[in-house]
Amino acid sequence: MIETIVTKIPAFDPALRRYALYQIPGLLVAAAAIGLLYRWTSLPGWAAVSLVLIWVLKDAALYPWLRSAYEPDPGSVIERLVGLPGVAVEPLTPSGYVRVRGELWRAEAVPSEIEIRPGQTIVVYAVRGMILVVRDEAGKSPDGSIDQPG
């Protein structure tokens, strides 16, 4: 009997694949514009090639900051907010708005009988649809015990 050895090639990151595919039209337009500059002006060939390479390097440099926008599962992005700190923008009695990572989110405080004041630091405890479930920074969970997010 012949035994087959299968080696698994790591899957290409779906976010990177999406990002690269979305960059192709811009690269083609930039290359066409640079090609026209080369043809109509006295732009040296090495400069035209350098400009195209700079365009590609620009896209590669921006990828780390744009990666989350190209994640295939949009639900996972909001779920990654669980455990992060934020600041109440308005009183949460029990619902209102909070700022987490610079973004404004609708939130509900837990337990619902506490009031979180504007400017007070909160921690995202859970997610309910597009609403963040938050608690005060002291870390009280809905049952009143102290625990850590995670």
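The values are calculated or read from the model by the stated rules, or taken from the named source; none is laboratory data. A quick note: this is a predicted structure, and the numbers were derived from the prediction, not measured. Glycine also receives a Cβ, built like all others from the backbone with ideal geometry; neighbour counts cover every protein chain displayed.
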Is it the case, given these coordinates, that Ala15 is free of Cβ contacts under 8 Å to residues at least 40 places away in the same chain and of a type in the set (Gly, Ala, Ser)?
no
Could you pull out the residue among Gly119, Gly144, Gly96 that is at pLDDT 90 or above and assigned to a loop (DSSP other than H, G, I, E, B)?
Gly119
Pro10 being within 30 Å of Ile131 (Cα to Cα) and either in contact with a Lys or Arg (Cβ under 9 Å, 6 or more places away or on another chain) or at pLDDT below 95 (or both):
no
Go through region 69-93 and give me each residue that's farther than 19 Å from Ile114 by Cβ, in contact (Cβ under 8 Å) with a residue 12 or more places away in the chain and not in a loop (DSSP other than H, G, I, E, B).
Tyr70, Ile78, Glu79
Just to be sure before I move on: is Val56 among the β-branched types (Val, Ile, Thr), without any contact (Cβ under 8 Å) to a residue 40 or more places away in the chain and in a helix (DSSP H, G or I) in the structure I sent?
yes
Check Leu21 against each of (1) closer than 30 Å to Gly119 by Cα; (2) without any contact (Cβ under 8 Å) to a residue 24 or more places away in the chain and name the one condition it does not meet.
(1)
